[in-house]
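The values are calculated or read from the model by the stated rules, or taken from the named source; none is laboratory data. This structure is a prediction, so every number in the text was calculated from the model and none was measured. For neighbour counting, all protein chains shown are included, and Cβ atoms are generated from backbone atoms with ideal geometry for every residue, glycine included.
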């Protein structure tokens, strides 16, 4: 399950030290490698580029193979074309080469280091961090897309500094974490659905409403509006006037599951968070959100 198509973070997959960006299948190859190996950077160099940048590839590191596809016209074809007046035939070729993530290198000149800038203390929400940690979900930070992968039971989100406004990092984390509650080992929702389908739309409603409920409980106010994203998926379910209520129920259950795990892991918490069905404040948050979104979808 992937996060909103209207991204709140910067996307890039760079070839360093030049500013050229990889494209096509190479983006998928390098994204996959960054996720699999937990690389903190999306910048890559060849062995020669690392050396030219004043550093080297660390001993024992293995590279990632990317490809370059193009076409060329042999001289014989060019000559034939000049003689016959016909178009010269070009030949396709594919070249493979190896690149290394900058985190696999050492001694690179300033500006190519893999370590992200440290976050300002005010941008970190300790309570949200502890909810994520207490969930027990395999939660990985890196790359430049946010998703929950049901087959691997893994959440992946971009690093917080990649977000235009860093508070939106937590809205995205909680969206993907809500998806993860649908795993068979947790609340067992239907996560096998195609993008754009009604089942996909239902799950996106659940994830975004779950994120909204959790943000409200944790005192997080993101600048990306939950209602805008939820409204876009309600368009897919317009003929189902109960969709918002079913999604709200499932989202509340998902939020309850995550917060109950947090309570179990944090017996000495100074702030108690309660969004169970019998909690007046939690029920009010859910009811108000449902009413507002129903009016928006009408």
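Hey, does the stretch 197-212 have a residue that's modelled with pLDDT under 90, in the same structural domain as residue 247 (by TED's automatic domain parsing) and assigned to a loop (DSSP other than H, G, I, E, B)? Working first, answer last.
Within the stretch 197-212, the first condition is being modelled with pLDDT under 90, and the residues that meet it are 197-202, 204-205, 208-209, 212.
When the remaining residues are screened for being in the same structural domain as residue 247 (by TED's automatic domain parsing), the result is 197-202, 204-205, 208-209, 212.
Retained after the next criterion (residues that are assigned to a loop (DSSP other than H, G, I, E, B)): 197.
Yes: one or more hits.
Within the stretch 268-284, identify whether any single residue is more than 22 Å from residue 127 (Cα to Cα), at pLDDT below 60 and surrounded by 21 or more Cβ atoms within 10 Å (Cβ to Cβ), and answer yes or no.
no
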- Query: Only one of (1) under 19 Å from residue 257 (Cβ atoms); (2) touching a strand residue (DSSP E or B) at 6+ places or on another chain (Cβ under 8 Å) is not met by residue 190, so which one is it?
  - Reply: (2)
- Having 3 or more residues that are more than 30 Å from residue 190 (Cα to Cα) and at pLDDT below 90 is the bar; report the strands (runs of 3 or more DSSP E) wholly within the stretch 66-178 that clear it. 91-101
- Hits in the stretch 24-39 (condition: surrounded by fewer than 18 Cβ atoms within 10 Å (Cβ to Cβ) and part of a loop (DSSP other than H, G, I, E, B)): 24, 38
- Message: Which count do you get for residues in the stretch 150-172 that are closer than 20 Å to residue 37 by Cα and touching a helix residue (DSSP H, G or I) at 6+ places or on another chain (Cβ under 6 Å)?
- Response: 4
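Could you say which residue among 59, 95 is in contact with a strand residue (DSSP E or B) (Cβ under 8 Å, 6 or more places away or on another chain) and exposed (fewer than 13 other Cβ atoms within 10 Å of the Cβ)? Let's see the steps before the verdict.
Working: 59 fails: in contact with a strand residue (DSSP E or B) (Cβ under 8 Å, 6 or more places away or on another chain).
Every option except 95 fails the conditions.
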- Test for residue 81: is it surrounded by 14 or more Cβ atoms within 10 Å (Cβ to Cβ) and touching a residue at least 40 places away in the same chain (Cβ under 8 Å): no
- Task: Working only within the stretch 181-199, note down all residues that are in contact with a helix residue (DSSP H, G or I) (Cβ under 9 Å, 6 or more places away or on another chain) and touching a residue at least 12 places away in the same chain (Cβ under 8 Å).
- Result: 181, 182, 186, 187, 189, 190, 191, 192, 198
- Message: I need the full set of residues from the stretch 37-69 which are more than 14 Å from residue 103 (Cα to Cα) and free of Cβ contacts under 8 Å to residues at least 24 places away in the same chain, in order please.
- Response: 48, 51
